[in-house]
2 protein chains.
Amino acid sequence: MSKQITISLDAMGGDAGPAMVIPGAALALERRPELRFVLFGDEAKVRPLLDRHPALAAASRLVHAEVVVRMDDKPSQALRAGRWKSSMWKAIEAVKTGEAAVCVSAGNTGALMAMSKFCLRTMAGIERQAIAAIWPTLSGESIVLDVGATIGADAQQLVDFAMMGAAMARAVFASVERPKVALLNVGVEEVKGNEEVKMAGRLLKEADLPELDYTGFVEGDDIGRGVVDVVVTEGFAGNIALKTAEGTAKQMAQHLKAGITRTWLARLGYLLAKSAFDRLKEKMDPRKVNGGVFLGLNGVVIKSHGGTDAEGFASAVSLAYDMAVADLTRRIADGLAHYHRAGGMQPAAEPRGEA
Amino acid sequence: MSKQITISLDAMGGDAGPAMVIPGAALALERRPELRFVLFGDEAKVRPLLDRHPALAAASRLVHAEVVVRMDDKPSQALRAGRWKSSMWKAIEAVKTGEAAVCVSAGNTGALMAMSKFCLRTMAGIERQAIAAIWPTLSGESIVLDVGATIGADAQQLVDFAMMGAAMARAVFASVERPKVALLNVGVEEVKGNEEVKMAGRLLKEADLPELDYTGFVEGDDIGRGVVDVVVTEGFAGNIALKTAEGTAKQMAQHLKAGITRTWLARLGYLLAKSAFDRLKEKMDPRKVNGGVFLGLNGVVIKSHGGTDAEGFASAVSLAYDMAVADLTRRIADGLAHYHRAGGMQPAAEPRGEA
């Protein structure tokens with residue numbers, strides 16, 4: 001049997017709170033029996049739910065936390081009221097103390113980011129954290145970051161994101177040794193885009209890092225095609241890309257549903273072609289790729305969608321498991337140390353000639 | 001019969017050039033008999049095609065242009081080689097001289113933007129042009145701008161985009177008197193986003209313009225839901241949103257297609273449920289919303305997708321017709337004049353309290 005992996009869970013996070021987190025953790029445990037949990041939450045609410053899942057109860061330690069961060073608390077409010085004593089804070093802190101390898105919360109994103117940064121601090125050599133999302137593509141999955149941790153990023157920060165994303169890609173995509181990394185831009189020519197993206201492109205090209213294969217710029221429609229393993233962008237554009245893709249997928253599903261339920265013939269056809277629809281559903285199931293990974297801190301925190309169900313939460317826990325097994329934080333730290341030993345990046349004074 | 005409307009066409013633009021443009025124009029004419037065209041292109045290539053469409057030939061004037069801007073020319077190259085004498089330039093110039101009400105080209109976007117700006121110049125009071133796209137939504141269509149004309153925009157430019165987009169919305173959506181306008185952001189709370197977007201939000205709120213109903217921030221997934229008539233953003237994020245949505249739609253269609261053709265039962269089901277698929281296709285048909293409208297210049301230029309077919313090009317021409325009938329340029333100029341008479345926007349020294 002594999003080594004046990006302990007994950008800390010904010011049992012109160014998410015729209016449904018413990019009623020979703022506990023069955024989700026139980027599902028994840030069924031799939032990965034080597035998981036162990038430390039759960040933080042209101043004992044009076046969590047214990048009865050835990051009693052219904054004896055295997056999970058046996059694999060977990062429940063720690064009472066008196067404060068719950070609400071889904072609509074502002075980050076500053078959450079920090080004031082919930083530092084030290086909220087279920088969210090304590091779950092993050094378990095990563096800091098080393099009790100847990102990774103933390104998962106379906107709670108308020110802004111609060112989770114603020115608390116994670118406050119508690120774990122950014123890694124040496126990293127200025128800003130990023131949220132990495134796993135994006136379903138035609139050829140499998142890609143990692144896209146930053147999808148909203150920080151607004152705006154300079155060239156060096158984009159390079160940091162590239163390195164962190166590549167480390168995560170090696171952890172998540174078992175077969176990828178030297179992940180293909182691209183910068184998201186409004187065109188693929190070197191003259192396109194804003195100054196930060198162009199400069200980051202030059203830095204990555206010239207650095208020719210052993211950890212990643214920088215392939216140049218990609219555009220928005222290349223993300224879903226899965227042309228690279230990692231797509232790097234600053235948080236404003238990344239968040240808009242992610243939400244727009246989610247919105248488009250929902251919109252298409254709704255058009256299709258409206259069409260299918262319109263006539264009995266269409267309904268019959270739907271039943272016969274159900275395998276096709278199931279395939280689409282499976283390929284685009286947001287629950288399967290649930291989990292935004294906070295990178296750049298001294299420890300990994302995973303944000304699950306607040307509105308997800310037990311199945312979706314189990315996916316976020318599985319992702320946490322993968323990150324823990326791969327020892328993601330150490331991998332990123334090693335990459336950074338290696339890069340800094342090499343003297344960081346020295347951009348050429350003049351941009352190179354264009355392709 | 002309605003008043004005749006003359007549209008100038010770059011007959012050489014697009015991947016297929018005149019072989020797509022001429023049948024496209026013929027289709028548009030069938031639908032809008034009051035259309036008249038002035039066509040610019042290589043006479044030896046265009047004339048034989050035109051001869052196959054006698055109605056179009058009768059409604060058109062063909063002007064020879066010796067230079068063709070290639071799809072991969074850089075804007076600076078195109079300007080050097082094609083100013084004054086290319087089919088693209090001449091088509092734009094026809095708007096300047098007043099011979100045509102609107103210009104349509106399926107040619108090289110960068111070249112078309114550069115030439116349009118050089119030939120028509122930005123309107124008084126507008127610093128930068130924007131490209132507006134019509135975006136299919138669950139509730140119909142919305143206008144999204146800027147989708148890539150300019151990288152980065154300050155608060156005042158975003159306000160300009162809002163006014164131009166609202167003028168276009170009144171032109172395109174017949175029933176909308178005071179279009180709902182929102183700013184694209186990474187959250188709906190007033191504290192979210194970058195400084196430019198926050199400031200633009202304050203300006204629009206305080207100005208309380210008669211021409212538009214500013215509703216606040218929307219996120220990427222709200223675009224496809226069609227919650228507002230106009231979504232305003234700067235060109236980098238807007239281009240990424242547009243391309244990402246296109247990519248996601250293609251990705252889903254491809255998953256569905258792969259699923260449908262897999263088994264004979266699924267194929268049969270597809271035939272029975274065809275109305276549902278047709279509905280989806282129709283709702284998401286990129287050809288139906290083909291045409292990026294260049295706004296902010298002294299004249300309207302419409303960019304058709306380069307890879308579109310005759311049907312798609314006809315849509316772009318129909319859009320041009322609508323813009324011409326609505327006298328879009330004058331509408332925008334009137335709105336700007338009104339706004340400047342009112343002394344422009346004076347932001348309050350301090351941001352207002354948050355909602």
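The values are calculated or read from the model by the stated rules, or taken from the named source; none is laboratory data. All values derive from a computational prediction rather than experimental measurement. Neighbour counts are summed over all protein chains in view; Cβ atoms, including those assigned to glycine, are modelled from backbone coordinates with ideal geometry.
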Revision key, fill the gap. Those residues of region A:6-43 that are acidic (D, E), touching a strand residue (DSSP E or B) at 6+ places or on another chain (Cβ under 8 Å) and assigned to a helix (DSSP H, G or I) come to a total of 1
Exercise for review: Could you please let me know if B:V293 is closer than 30 Å to A:D278 by Cα and either assigned by TED's automatic domain parsing to the domain that holds B:A100 or under 12 Å from the mean Cα position of the chain (by Cα) (or both)?
Suggested key: no
Check your understanding: What number of residues within region B:294-315 are part of a strand (DSSP E or B) and at positive phi?
Key -> 0
Practice item. Collect the residues in region A:125-172 that are farther than 30 Å from B:L256 by Cβ and in a loop (DSSP other than H, G, I, E, B), keeping them in residue-number order. Key: A:G125, A:I126, A:E127, A:R128, A:Q129, A:D146, A:A149, A:T150, A:I151, A:G152, A:A153, A:D154
Exercise for review: Report whether or not A:V181 is within 14 Å of chain B (Cβ to nearest Cβ), in contact with a strand residue (DSSP E or B) (Cβ under 8 Å, 6 or more places away or on another chain) and not small (G, A, S).
Suggested key: no
Review point. Is it true that B:R262 is touching a residue at least 12 places away in the same chain (Cβ under 8 Å) and of a type in the set (K, R)?
Key: no
Revision key, fill the gap. For region B:117-127, the count of residues that are closer than 20 Å to B:F236 by Cβ and either crowded, with 21+ Cβ neighbours inside 10 Å or free of Cβ contacts under 8 Å to residues at least 12 places away in the same chain (or both) equals 1
Point to revise | Test: B:S60 is under 21 Å from B:A100 (Cα atoms), touching a residue at least 60 places away in the same chain (Cβ under 8 Å) and surrounded by 18 or more Cβ atoms within 10 Å (Cβ to Cβ) | key: no
Practice item. Among what's in region B:149-178 and is without any contact (Cβ under 8 Å) to a residue 12 or more places away in the chain and not charged (D, E, K, R), pick the residue that is surrounded by the fewest Cβ atoms within 10 Å (Cβ to Cβ). Key: B:S175
Practice item. Being facing another protein chain (nearest Cβ under 8 Å), of a type in the set (D, E, K, R), over 22 Å from A:L183 (Cβ atoms) and out of contact with any Leu (no Cβ under 6 Å at 6 or more places or on another chain) is the filter here, so list the residues in region B:218-251 that pass it. Key: B:E219, B:D221, B:D222
Practice item. Check region B:99-115 and report whether any residue there is buried (at least 24 other Cβ atoms within 10 Å of the Cβ) and more than 21 Å from B:D15 (Cα to Cα). Key: yes
**Study point:** Residue among B:V67, B:V46 that is crowded, with 23+ Cβ neighbours inside 10 Å, touching a residue at least 12 places away in the same chain (Cβ under 8 Å) and among the hydrophobic types (A, V, I, L, M, F, W, C)
**Key:** B:V46
Point to revise | Sole exception among (1) part of a helix (DSSP H, G or I); (2) within 17 Å of B:V186 (Cβ to Cβ); (3) hydrophobic (A, V, I, L, M, F, W, C) for A:I92, by number | key: (2)
Check your understanding: If you scan region A:1-28, which residues turn out to be crowded, with 17+ Cβ neighbours inside 10 Å, among the hydrophobic types (A, V, I, L, M, F, W, C) and over 20 Å from the mean Cα position of the chain (by Cα)?
Key -> A:A16, A:I22, A:A26
Revision key, fill the gap. Filter region A:44-72 for residues that are under 17 Å from A:S304 (Cβ atoms), among the aliphatic types (A, V, I, L, M) and in a loop (DSSP other than H, G, I, E, B); the one that is farthest from the chain's Cα centre (by Cα) is A:V68
Practice item. Give the residue that is surrounded by the most Cβ atoms within 10 Å (Cβ to Cβ), with candidates limited to residues of region B:263-293 that are within 7 Å of chain A (Cβ to nearest Cβ) and not in a helix (DSSP H, G or I). Key: B:A273
Point to revise | Residue satisfying all of: in region B:211-254; among the small types (G, A, S) and out of contact with any helix residue (DSSP H, G or I) (no Cβ under 6 Å at 6 or more places or on another chain); surrounded by the most Cβ atoms within 10 Å (Cβ to Cβ) among these | key: B:G238
Practice item. Could you tell me whether any residue of region A:115-122 is farther than 30 Å from B:G259 by Cα, in a loop (DSSP other than H, G, I, E, B) and under 14 Å from the mean Cα position of the chain (by Cα)? Key: no
